[in-house]
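Take a look at the structure set out below.
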Amino acid sequence: ELTSSAPGAVSAAKQLIAGVAGRPPAEVSDLTAETIAAHRVSPEGQAGMQAFLEKRRAPWLADGD
């Protein structure tokens, strides 16, 4: 899954994991939701969603992936 994920989303997920590691879920749930929402509405997130809905490859995937 990671090899087909959007590069910006992968980077953000790594940063989020580092930022929430070891902290109680109640303390990081808002940050997690806000981060996911921000990336969903980003240009990269919208391009990925559009590709999914149109049943085509995401723009960051090479032809052979």
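Working value for the chain: equivalent-ellipsoid semi-axes of 26, 13, 8 Å, each the square root of 5 times a Cα gyration tensor eigenvalue, largest first.
Nonpolar atom fraction for the chain, defined as the carbon and sulfur part of the 1.4 Å probe accessible area, stands at 62 percent.
The angle between the Cα long axis of helix 43-53 and the longest principal axis of the Cα atoms of the chain comes to about 60 degrees, rounded to the nearest 10. Taking every protein chain into account, the accessible area of the chain amounts to 76 square angstrom per residue (probe 1.4 Å).
Of the listed peptides 17-28, 43-54, what is their order by residue-averaged count of other C-beta atoms within 10 Å, with the highest listed first?
On the way: 17-28: 9.8, 43-54: 13.3.
Peptide ranking by packing, descending: 43-54, 17-28.
In this structure, A21 and A58 have a Cβ-Cβ separation that, at R0 = 25 Å, corresponds to a calculated FRET efficiency of about 0.35.
The values are calculated or read from the model by the stated rules, or taken from the named source; none is laboratory data. Keep in mind that what you see is a predicted model, and the values were worked out from it rather than measured. Cβ: placed from backbone, ideal geometry, glycine included. Neighbour counts: every protein chain shown. Just so you know, the surface numbers come from the protein's heavy atoms only, side chains and all, with ligands and any DNA or RNA stripped out. Shrake-Rupley method; radii C 1.70, N 1.55, O 1.52, S 1.80 Å.
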